[in-house]
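S.K.: Attaching a single structure in structure tokens format; questions to follow.
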């Protein structure tokens, strides 16, 4: 064996210990080598040489080598982003053995949410992001972690891996707008034995049902256990002992601000007759322990009988079948009711019926399927929030379970670790549990932010969750977080709890201890503090609903007080447009679908171009995994295209493109880029078999010339075309519903107004012409966006089939016969039938009668918006603006000027 280490010249400079068969060599506490099948006594000057002399004897296992390395990623990179791959070498790795990688230091949970920033694959050495919230350049420009590589004999070396964070220009968080509405004229529930009237209140959950035909927002909310007073010891006064919990349906008219209660559904036992109450269920032990509620008393301190199914309801959702699901704080429990409020089932912790002495009959309190530990909830801190996603219901514990269970609930009071229970509403089984970590529970009095308020599903395992205190000012915490279950540990699986420290429960672990035990909590991102935006004057934000992608409804539990209002808040982000390297993102928009109005401000000389936009997946412009440099990108981009304008170079007298407008509708958070096509159209380029796309130009950072005008408007100069864009929420123009689609040069009158009140639509046509031919423009009714025609006998003629031209001309709209003299302007009117789609056609240098005279020898050419109906397969109609079409009369596109006739249409519904 050869030893070549600085400062090591003899055996005494090393520490040598004997295992059963091997000699283990270390120095300064670091294991250097294992000499297989060798006794210490055999290590002599004969077979151990210092310096550069070659070794003689035994087989030596040397620790694998690893070198320091630096990787670079963007701050806030998404979970599962690959940071880099650590490599190591081992010259004497035995056949079949593998090196093992691990992170031994520096992987600190910087935002204290129980999740470390990185993970490493023990086999491949790949490091990936596990918590994007830790990757904040402004806090740490780089993160240094220690990575260990070890072999089969646990010989190892370590090296520092530096993860440098790239500073990313982060968008300014969108400000929220809050509008508050209050319930007035709340109905009276009853009068206490002391003569005080109690009004409807105590709304402790909220669910958005949808939008009514009149535009009102429709909700359901639920009451809790009813009006009650402060307890004396274990005795809790109930002001109305016979109070029946109920579901309250109501509507909000955002214009008038009026809230109208439309229905009140009382809740009953399974017989549909016996009313539920809000009274406690049972007392199986000492106060503050499992399976034990407070004792209900009346205002004279007389003990009230328990209600084994009594409900302190705190959240509500509706499933796809219309059944109500509510959660309560007592057991805690999950209730299922039918649409009439009849109890279908109640799901409670295992062991409930056996808890009292003597045991209660099985099923007395409900169906026992929830983990028994949930019975250790702190009094009135059971399930506070509920959300539903498909067949999975998620019930959120309000404050930490008291685990271990002590009478003063100190475990719960000092813990930040809340459980989320996943329940399958079809199989009626618990399928998972996850951990949610509160921000901070150290506040005093009403400032202590130690409880959940409500939750709502955002889809794909994401939820918005209220985390709150009990203050009512702008300084209070009414925090709304987005959480993500992805990568969170399922703590309902005992295999995931193998590394728990001895003698401690999940509720007792700090974030660092959870991390060490390989338990990851849900990822949290703050959406807003509703109090900062004006949701004040109330203490208990206990209802949260999603009414649009960027709009939430809030409601408070006023504890049936006459002094505290029941306040419905609508919290929404205003519309905003942002530009990131040529990708435009539509943010906010509140509860209305955003639109963008595009207008032409300048046209370059000699330009014949179609301008459009296409939807992309991210700021880099990726489409289904393809980047802008990939060969298939152009076809994918045009497949997602929305045409904005076609701009022509040779305008007829009296026509100008400047001032033309297009309004397009978008989904919130849509990202898009621009493109132009010279001398062709998007439809032609997609349908032509060559698909060369040589005429397509995609916008870039340098070519776009983007100028932000306001947060909701911008100007671009692209390909000699100057466009202004203004975001808003106005409706798209009547008739344009299909005009951002391929072959969408049609008038769509199926929506945008009430056809029962306005069965007709008056059209005012403005015509311009720059052509030698005397062309005719007409319109015909089609069945659908594909252009199919229904004959009078009910048969369907499809685009491209024999007889399509004759069927179109035969069914043209009477009275709309559009012609104009060359280089003049003509205005005329016509009437369309409401509720249908109408497509244009051009008869080249002729009129419709020549098509219908049964003499095919004199038939002029007829072209349509549908390429399949055109004999040359070329696009002969361009969209120049809202309800503005330019026509080309020459075959194969001719000169592609699309100015042979231009038709602009103004539409007005009439009775």
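S.K.: Treat the count of other C-beta atoms within 10 Å as a stand-in for reagent exposure and order 330, 535 from fewest to most.
M.R.: The fewest-first ordering by Cβ neighbours comes to 535, 330.
S.K.: What distance in nm lies between label points placed 7 Å from Cα along the C-beta direction at residue 166 and residue 124?
M.R.: Roughly 2.1 nm, to one decimal.
S.K.: Sticking with the crude label model, points 7 Å out along Cα→Cβ, report the distance from residue 372 to residue 339 in nm, one decimal please.
M.R.: Reported label-point gap for residue 372 and residue 339 is 4.1 nm.
S.K.: Would you mind calculating the relative contact order of the chain from Cα pairs under 8 angstrom and at least 6 residues apart, reporting the percent as a whole number?
M.R.: 7 percent
S.K.: How much length is gained on full extension from residue 232 to residue 303, taking 0.36 nm per residue of separation minus their Cα-Cα distance? The partial results should precede the final answer.
M.R.: Details: separation 71, 0.36 × 71 = 25.56 nm, distance 1.25 nm.
Gain on stretching residue 232 to residue 303: 24.3 nm.
S.K.: Under the rule of -39500 (n - 2.57) per DSSP H run of 4 or more residues, summed and divided by the residues of the chain, what mean residue ellipticity at 222 nm is obtained, to the nearest 500 deg cm²/dmol?
M.R.: So the calculated ellipticity at 222 nm is -1000 deg cm²/dmol.
S.K.: Kindly state, to the nearest 0.05, the FRET efficiency for residue 496 paired with residue 354, given R0 = 30 Å and r defined as their beta-carbon distance. Don't skip to the end; give the middle numbers.
M.R.: Working: r = 28 Å, r/R0 = 0.93.
For R0 = 30 Å, the calculated efficiency reads 0.60.
S.K.: Next question. Pop the C-beta distance of residue 185 and residue 413 into the FRET formula with R0 = 51 Å and round what comes out to the nearest 0.05. Before the final figure, lay out each step's value.
M.R.: Working: r = 40 Å, r/R0 = 0.79.
After rounding, the FRET efficiency stands at 0.80.
S.K.: I've got another one for you. Between residue 786 and residue 253, with labels modelled 7 Å along Cα→Cβ, what's the label distance in nm to one decimal, could you check?
M.R.: 4.4 nm
S.K.: Can you give me the pair-distance distribution of region 177-572, C-alpha pairs, 10 Å bins, whole percents?
M.R.: 5, 24, 35, 26, 8, 1, 0
S.K.: Continuing with this model, one more query. May I ask you to order 704-715, 658-669, 638-649 by the average number of other C-beta atoms within 10 Å around their residues, highest value first?
M.R.: Going from most to least packed, we get 638-649, 658-669, 704-715.
S.K.: What number do you get for region 704-818 when its Cα radius of gyration is normalised by 2.2 N^0.38 Å, N = residues?
M.R.: Ratio of Rg to 2.2 N^0.38 Å for region 704-818: 1.43.
S.K.: Taking 1 over the mean of 1/r across every pair of different Cα atoms in region 747-910, what Kirkwood radius in Å do you get?
M.R.: Hydrodynamic radius (Kirkwood, Cα only) of region 747-910 equals 16.1 Å.
S.K.: Percentage of Cα-Cα pair distances in region 788-838 greater than 13 Å, rounded to whole percent? Numbers along the way, then the final one.
M.R.: On the way: 867 of 1275 pairs.
Counting pairs separated by more than 13 Å, the tail of P(r) holds 68 percent.
S.K.: Can you work out the FRET efficiency for the pair residue 192 and residue 658, with r the C-beta to C-beta distance and R0 = 56 Å, to the nearest 0.05? Write out the running numbers ahead of the final one.
M.R.: Numbers: r = 73 Å, r/R0 = 1.30.
Efficiency, from the Cβ-Cβ distance: 0.15.
S.K.: What Kirkwood Rh does region 65-166 have if only Cα atoms enter the pairwise 1/r average? Answer in Å.
M.R.: 14.0 Å
S.K.: If you line up the Cα atoms of region 368-472 on their principal axes, what length do they span on each, largest first, in Å?
M.R.: 42, 30, 18
S.K.: Given Cα positions, please report Rg to Rh for region 102-232, the hydrodynamic radius being the Kirkwood one.
M.R.: Result for region 102-232 is an Rg/Rh of 1.30.
S.K.: Seen from all sides and averaged, what is the projected area of the convex hull of the Cα atoms in the chain, in nm²? Intermediate values should be presented prior to the final figure.
M.R.: Working: hull surface 209.1 nm².
Spelled out: convex hull of the Cα atoms, projected over all directions, averaged, 52.3 nm².
S.K.: Over region 821-904, what is the mean sequence separation of C-alpha contacts under 8 Å (at least six apart), divided by residue count, expressed as relative contact order in percent?
M.R.: Contact order relative to length: 18 percent.
Quick note: the coordinates plus some simple rules give every number you see, no bench work behind them. Remember, it's a predicted structure, so these values are computed and weren't measured experimentally. Cβ sites come from the backbone with ideal geometry, for glycine too, and all protein chains shown count toward neighbours.
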